[in-house]
1. Test of understanding: extend the Cα→C-beta vector of A245 to 7 Å, then name every residue of segment 139-171 with backbone N under 11 Å from that spot.
2. Arranged by the count of other C-beta atoms within 10 angstrom, fewest first, what order do I225, I8 take?
3. Along the charge dipole of the chain, pointing to its positive end and built from +1/-1 on Cβ of Lys, Arg, Asp and Glu, which listed residue (A245, G148, V85) has its Cα farthest out?
4. With only Lys, Arg, Asp and Glu charged, each at its Cβ (+1 for the first two, -1 for the last two), find how big the charge dipole of the chain is about the Cα centre; round to the nearest 20 debye.
5. How high is the relative contact order of segment 4-293, in percent, with contacts defined as C-alpha pairs under 8 Å that are six or more residues apart?
6. Test of understanding: extend the Cα→C-beta vector of S116 to 7 Å, then name every residue of segment 263-287 with backbone N under 11 Å from that spot.
7. Using Cα atoms only, what is the angle between the long axis of helix 134-145 and the major principal axis of the chain, expressed in degrees (0 to 90) to the nearest 10?
8. At what distance in nm do the modelled label points of E292 and V25 sit from each other, each positioned 7 Å from its Cα along Cα→Cβ?
Amino acid sequence: MQTVLGIIGGSGVYQLDNLQGAQWVSVDSPWGAASDQILTGTLDGVNMAFLPRHGRGHVHSPTTVPYRANIDALKRVGVTDVISVSACGSFRDQMAPGDFVIVDQFIDRTFAREKSFFGTGCVAHVSVAHPTCTRLMAAVETAARATGTTVHRGGTYLAMEGPQFSTLAESRLYREVWGCDVIGMTNMPEAKLAREAELCYASVAMITDYDSWHPDHGAVDINGIIATMHGNADAARATVAGLPALLGPDRAACPCGCDRALEFAIMTPPDKRDADLVRRLDAVAGRVLNRERS
């Protein structure tokens with residue numbers, strides 16, 4: 001199998017540099033329109049696919065990002081591995097604005113989003129106990145450190161609904177009681193959907209602020225966030241540029257089993273499945289569904 005590296009760019013990251021044969025392509029998805037076209041090309045011999053999560057021009061709020069269509073569209077262009085890049089707030093003094101956190105856990109507090117490709121007529125239960133891929137995390141850590149960025153390996157990401165920032169009480173709860181490390185608005189249900197689509201997933205949290213808990217920094221200031229975001233975006237693009245050499249064009253099976261997440265997950269027997277839903281699942285669950293038909 002060939003590596004096809006998918007990059008989902010968050011706030012401030014709307015473009016990839018130096019792609020050979022770069023072109024924006026439209027991808028039809030049965031889950032609706034994706035956030036934008038997908039920028040495809042190659043970088044150091046590795047096929048790449050870039051999708052701006054909020055769309056070029058930042059037209060989607062965290063709630064209205066079409067997460068299912070985005071993951072489905074990436075799967076349809078052959079993506080095998082997904083790197084998520086997103087702006088986040090920090091709950092830790094040592095995780096300062098400008099630092100990167102390679103996230104390994106999530107707490108999902110979103111409530112207004114579709115969170116699964118499966119449902120009535122085709123039920124599946126996929127494990128997200130370990131929602132990120134350790135192989136991808138290691139590559140991202142190495143690439144990020146090579147840029148001179150301060151990198152923290154491991155951290156719990158609190159996914160809030162937004163678009164407003166946290167109250168002081170919420171910020172203190174997430175930090176002091178729940179033990180979270182960073183807070184953002186977009187990695188859920190994205191990580192869950194990537195797992196359902198059997199895609200390896202790693203998340204880079206680019207810290208822009210200290211949320212509202214920090215006594216020396218006060219409330220979140222959007223002007224400060226934007227200023228930090230520009231520097232983070234440059235480091236993020238440099239990190240992505242270093243990944244092809246680390247991952248290589250030839251891809252073996254994922255040692256974490258991410259690419260086999262649906263192996264025993266679908267509970268509804270073939271004769272009870274909703275035909276329309278099964279048709280919509282042709283990309284994300286095609287490996288399992290096509291095998292059952294043969």
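1. 143, 146-147
2. Numbers: I225 18, I8 28.
Ranked by crowding around the Cβ, least crowded first: I225, I8.
3. About the Cα centre, the residue reaching furthest to the positive side is A245.
4. It works out to roughly 680 debye.
5. Numbers: 611 pairs, mean separation 72.2, N = 290.
Answer for segment 4-293 is 25 percent.
6. It comes to 266-268, nothing else.
7. Approximately 40 degrees, to the nearest 10.
8. That separation, rounded to one decimal, is 2.8 nm.
No value in this document is a laboratory result; all are computed from the given coordinates. In this text, all values refer to a predicted model and were calculated from it rather than measured experimentally. Ideal geometry is used to build each Cβ from the backbone, glycine not excepted, and the neighbour counts take in all protein chains shown.
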